[in-house]
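Please read the structure below before turning to the comments.
The values are calculated or read from the model by the stated rules, or taken from the named source; none is laboratory data. The shown structure was predicted, so the numbers you read here are calculated from the model rather than taken from an experiment. Please note: Cβ atoms are built from the backbone with ideal geometry, for glycine as well, and neighbour counts cover all protein chains shown.
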Amino acid sequence: MNKSLAPAIGGNAVAMGIILMLVGILMFALNDAMGKWLVASFSVGQVLLMRSFGAFVVLGPMLARRPLSSLVNVEKPHLQLARVVMATADTGLFYAAVVYLPLADVMTFYMAGPIYVAAISHFLLGERIGWRRWLAVTIGFIGVVVALRPSEAMLSWPSIFGLVGSLSFALSMVLGRVLRSTSDTTLVTWQTLACLVTGAVLCIGGWSPFDLKQLLALLLLGIVSCSAHLMITRSLKLAPASVLAPLQYTLLLWAILFGWIFFAEFPDLQTLIGAAIIVLSGLFIFHRAKVKDEQPLVPNNSGHG
């Protein structure tokens, strides 16, 4: 290859990675808005079940090209199981929270994921962080408390669902880092199967009939989520994580916009202040990781979407 062309090709790859990340995040935001709309008519279990069938529309062709052993013979099975449990809890609790809370409020909790990851990784992975990042983690936690509204209301079930769901999301991210040698297809397949089984169990005695339009919407939920996941995964192969990591906060902007357009919801000043504190703390953590020549973590699983 002509050496003079290498920078241009590299630049094009990074630009494509950024575009794929931004489009993938937009699709996740659309998926979250669709999920909020659907849980108004169907139980969380039913949404989980049908969403999983939709995801297999995308996963099916990928699995057809892989041997069954790639799903069965996995590294560290106990950690694989823990990750599946956390990822399933993350998804289910997200949908349970948006039944009652504005979309932007729930996403504010989830935007604290990287802050939780920094703290959890220090203890579980031995990834030492300095006092500056500990300060950012502490400030980020303050942002979560501000968004939760320090009163009796912060102990309401919807808020607890959002908070525990975001912690489950962070734990699944940390476990995904530990299991980085496991193929992405394998990780997503197992968590999709777990959501399917969990949804089927939760549907017992609580099934609501749906028409063709609703069925397609339920299946589309999984298709959009899985496609967004694939875009983000591909973006991480094209551009550095340090470039892509801050882009995940655009999800909060989309959540505010879609909540306003589709549900006539707009976060109050206290939620916006909490969100701003969380985002600034997370961006500082990413910055320090880059200064220390570490790879900041970008969520590259399907997450709650």
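A compact table of results
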quantity: Flag for Gly205 being modelled with pLDDT under 90 and not in a helix (DSSP H, G or I); calculated: yes
quantity: Failed condition for Thr192, given (1) over 24 Å from Tyr100 (Cα atoms); (2) assigned to a loop (DSSP other than H, G, I, E, B); calculated: (2)
quantity: Any chance Gly176 is modelled with pLDDT under 90, of a type in the set (Gly, Ala, Ser) and in a helix (DSSP H, G or I); calculated: yes
quantity: Cross-chain or 6+ apart pairs with Cβ under 7 Å, the range 173-196 first and touching a residue at least 40 places away in the same chain (Cβ under 8 Å), then part of a helix (DSSP H, G or I) and among the aromatic types (Phe, Trp, Tyr); calculated: Thr192/Phe56
quantity: Looking only at the range 95-126, and only at residues there that are in contact (Cβ under 8 Å) with a residue 40 or more places away in the chain and assigned to a loop (DSSP other than H, G, I, E, B), the one that is farthest from Thr198 (Cα to Cα); calculated: Leu125
quantity: Residue under evaluation Thr138, criteria (1) of a type outside the set (D, E, K, R); (2) modelled with pLDDT under 80; (3) in a helix (DSSP H, G or I), criterion not met; calculated: (2)
quantity: Test: Val197 is of a type in the set (Val, Ile, Thr), modelled with pLDDT under 85 and in a helix (DSSP H, G or I); calculated: no
quantity: Identity of the residue in the range 29-78, without any contact (Cβ under 8 Å) to a residue 12 or more places away in the chain and assigned to a loop (DSSP other than H, G, I, E, B), that ends up nearest to Gly205 (Cα to Cα); calculated: Leu68
